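For reference, the structure is listed below as C-alpha cells.
The values are calculated or read from the model by the stated rules, or taken from the named source; none is laboratory data. Remember, it's a predicted structure, so these values are computed and weren't measured experimentally. Cβ sites come from the backbone with ideal geometry, for glycine too, and all protein chains shown count toward neighbours. For the accessible areas, the whole protein counts, side chains as well, though only heavy atoms, and no ligand, DNA or RNA atoms are used. Shrake-Rupley method; radii C 1.70, N 1.55, O 1.52, S 1.80 Å.
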Amino acid sequence: MAKVFKRTYSYAFLIPAAIIYVVIFIFPTIMSFFFSLTRWNLTSWTFIGLDNFRSFFQEASLLIGFKNTLIYALVTCVLKVVLGMLLGVFLTSKIRAKGYLRSVIFFPTLLSTIAVGITFSMMMHPTEGLINTALAAIGINGPDWLGDTRIALLSVALVDVWKGVGFATVIYIAGILSIPQDYYEALDIDGGGAFRKFWNIIVPLSRPATNSVIILSFIGGLRSFDLVWTMTKGGPGFTTDLIASIIYKQYQGGYYGLATAGNVILFIVVTALALPLYSYLNRKEAEL
C-alpha cells in the first residue's frame, strides 16, 4: 500500500506539466490535422478531405522550397557544429577574459530575429550597405548579397549562423568542461600535442554535445522562417523560398486550410528526417 501511495504521489507532480503539454502541443496538433482536411476561416469550416494536400503538392515553388529548406538546414547545421566546436575549444583554453568573450559570442543569440534580419538587410544593401562600403574601401567590389540568385540563400544562412553559433558554443563549452582531466594528463605523459588533444580527446568525448547541436540546428533550419522572410521574403523570385515561407504566403492569401495542410506536411517532413538522425547519433554515441 505504501509503495502504491508513493508511486501515485510521485506521478501527481507530473500532472501540471502534462496538462500544459496537452493544451499547448497535443491539442493544437490534433486540431491542425483536422483543419488541414477542411476549407475554413475564423467563423466556419467545410470538410473537403485531402484536397488541400493535393493542392499543396501542386504549388509551383514547392520543389524549390523543399530543396532550399534542405540546403539551408544542412549549411547552417554544419557551420554551427564546426564553428561552435572551434569556439568552444578556444573559450575553454587558458586565455584571458574568457568570461567576457563568452558573453560576446553568446550575445547575438539573445537578439530578436526580426531585428537581426532588418539590420543585416541594410548592411547587405548592394550600394549603401556597410559591408560593401567596407569592401569598396579596400578595392573590392562587393556582390548583391540578397539580390543575386546564386548567393542570396547562402547570405541568409550565414546570418543565421552568426546569430545561432553562440548557443552551439555554450553547449560545446559545457561538453568540453565535463571531460575528466585524467585524459589530458595521460596524453601529456605520452607527449601528445594540442592537435592530438583536440582530435583524440575533445572530438570523441564531446560527442553528446555534438549530437545536441546537430539535432537542434538541423530541426531549426528545417523550420526556419522569420529570418528569411525579414531579409528576402523568399526572393529574388523563389530563390530563398523555404517551406515555411510558402505556407505563410498561403495564409496571406486567405487559404487557411491549404496553409494548415502545409504545416502538417512540414511537421511530417521534420519528424521523418529528425527521428532517424536522432536514432543514428544516439547509436553512434552508445558505440563510443
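Condition check ((1) touching a helix residue (DSSP H, G or I) at 6+ places or on another chain (Cβ under 9 Å); (2) of a type in the set (A, V, I, L, M, F, W, C)) across all residues:
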{"residue": "13", "(1), (2)": "no, yes"}
{"residue": "20", "(1), (2)": "no, yes"}
{"residue": "32", "(1), (2)": "yes, no"}
{"residue": "40", "(1), (2)": "yes, yes"}
{"residue": "53", "(1), (2)": "yes, yes"}
{"residue": "61", "(1), (2)": "yes, no"}
{"residue": "73", "(1), (2)": "yes, yes"}
{"residue": "100", "(1), (2)": "no, no"}
{"residue": "108", "(1), (2)": "yes, no"}
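If only residues of the range 236-249 that are assigned to a loop (DSSP other than H, G, I, E, B), open to solvent by less than 10 Å² (accessible area, probe 1.4 Å) and not charged (D, E, K, R) are counted, the one that is farthest from residue 67 (Cα to Cα) is 240.
Given the criteria over 14 Å from residue 231 (Cβ atoms), at pLDDT 95 or above, open to solvent by 30 Å² or more (accessible area, probe 1.4 Å) and not basic (Lys, Arg), does residue 83 qualify? Against the criterion (over 14 Å from residue 231 (Cβ atoms), at pLDDT 95 or above, open to solvent by 30 Å² or more (accessible area, probe 1.4 Å) and not basic (Lys, Arg)), residue 83 qualifies. The residue list 162, 199 contains one member that is closer than 28 Å to residue 86 by Cα, of a type in the set (A, V, I, L, M, F, W, C) and at pLDDT below 95, which is 199. Looking at the structure I just gave you, is residue 101 at pLDDT below 95 and either within 16 Å of residue 218 (Cβ to Cβ) or among the aliphatic types (A, V, I, L, M) (or both)? When the stated conditions are applied, residue 101 passes them. The set of residues in the range 132-148 that are out of contact with any Gly (no Cβ under 9 Å at 6 or more places or on another chain) and not β-branched (Val, Ile, Thr) comprises 137, 139, 141, 143, 144, 148. Here is a check on your reading of the model: is residue 157 modelled with pLDDT of 90 or more, part of a helix (DSSP H, G or I) and under 27 Å from residue 283 (Cβ atoms)? Taking the combined requirement at face value, the residue does not satisfy it.
Here are some residues: 76, 69, 29, 46. Which one is among the hydroxyl-bearing types (Ser, Thr, Tyr) and either touching a strand residue (DSSP E or B) at 6+ places or on another chain (Cβ under 9 Å) or in a strand (DSSP E or B) (or both)?
Details: 76 fails: either touching a strand residue (DSSP E or B) at 6+ places or on another chain (Cβ under 9 Å) or in a strand (DSSP E or B) (or both); 69 fails: either touching a strand residue (DSSP E or B) at 6+ places or on another chain (Cβ under 9 Å) or in a strand (DSSP E or B) (or both); 29 fails: either touching a strand residue (DSSP E or B) at 6+ places or on another chain (Cβ under 9 Å) or in a strand (DSSP E or B) (or both).
Every option except 46 fails the conditions.
Taken over the range 88-132, the criterion of being polar (S, T, N, Q) and either in contact with a Cys (Cβ under 7 Å, 6 or more places away or on another chain) or open to solvent by 70 Å² or more (accessible area, probe 1.4 Å) (or both) is satisfied by 103, 127.
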